[in-house]
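The values are calculated or read from the model by the stated rules, or taken from the named source; none is laboratory data. Computed from a prediction, not measured in an experiment: that's the story for all the values here. Glycine also receives a Cβ, built like all others from the backbone with ideal geometry; neighbour counts cover every protein chain displayed. SASA here: full protein model, heavy atoms, side chains in, ligands and nucleic acids out. Shrake-Rupley method; radii C 1.70, N 1.55, O 1.52, S 1.80 Å.
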Amino acid sequence: MALKVYLSGEIHTDWREQIIEACKGLDVSFDAPVTDHAASDDCGVAILGAEDQKYWHDHKGAMVNAIRTRKGISDADVVVVRFGEKYKQWNAAFDAGYASALGKSLIIVHGTDHQHALKEVDAAALAVTDDPLKVADILRYVLTGSLPA
């Protein structure tokens, strides 16, 4: 068995790299949104032209980024969504809802400070953890049936 995993959410820490490194040797491939914050914010106007109003600037970027996000989530077997501590990731909540609506296996990663705010998102998930390395343990178990040492 092979798994295709989409890593959505917070872009300010190295949680994606932690999971990818911990999954070396497993038959798993990873996709993710563009994690260069400036490129992600400005892709719409850089490609389609400038906007005077910030709303339209952001709207163009969101639409262009959605092409990649929709493809990544649609093709995934498992969607991992990380909610960071510092910023509100409304886009991550949207990705979790989209993945859930598509019937994707959903793993949510967040700290205890977000338990109440994300209770509905957590309820849609098949696993919730505060540790990205536990995501790798889950993927290892799914692929091999092996429990962590």
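Structural remarks
- Residue 47 vs. criteria open to solvent by less than 50 Å² (accessible area, probe 1.4 Å) and in a helix (DSSP H, G or I): no
- Entry remark, the range 92-124: residues being of a type outside the set (Asp, Glu), touching a Gly at 6+ places or on another chain (Cβ under 8 Å) and assigned to a helix (DSSP H, G or I) number 3 in total.
- Residue in the range 51-65 that is closer than 18 Å to residue 3 by Cα and assigned to a loop (DSSP other than H, G, I, E, B) present: no
- Sub-7 Å Cβ pairs linking a first residue in the range 135-149 that is in contact (Cβ under 8 Å) with a residue 40 or more places away in the chain to a second residue that is assigned to a helix (DSSP H, G or I), at least 6 apart or interchain, are 135/19; 136/19; 136/22, ordered by first then second residue.
- Filter result for residue 138 (part of a strand (DSSP E or B), surrounded by 12 or more Cβ atoms within 10 Å (Cβ to Cβ) and touching a strand residue (DSSP E or B) at 6+ places or on another chain (Cβ under 9 Å)): no
- Applying the condition of being open to solvent by 60 Å² or more (accessible area, probe 1.4 Å) and in contact (Cβ under 8 Å) with a residue 24 or more places away in the chain to the range 32-44 and asking which residue is farthest from residue 13 (Cα to Cα) yields 37.
- Among the residues making up the range 1-17, those that are within 24 Å of residue 88 (Cβ to Cβ) and open to solvent by 60 Å² or more (accessible area, probe 1.4 Å) are 12, 13, 14, 17.
- Residue 76 farther than 18 Å from residue 16 by Cα, out of contact with any Leu (no Cβ under 7 Å at 6 or more places or on another chain), aliphatic (A, V, I, L, M) and in contact (Cβ under 8 Å) with a residue 12 or more places away in the chain: no
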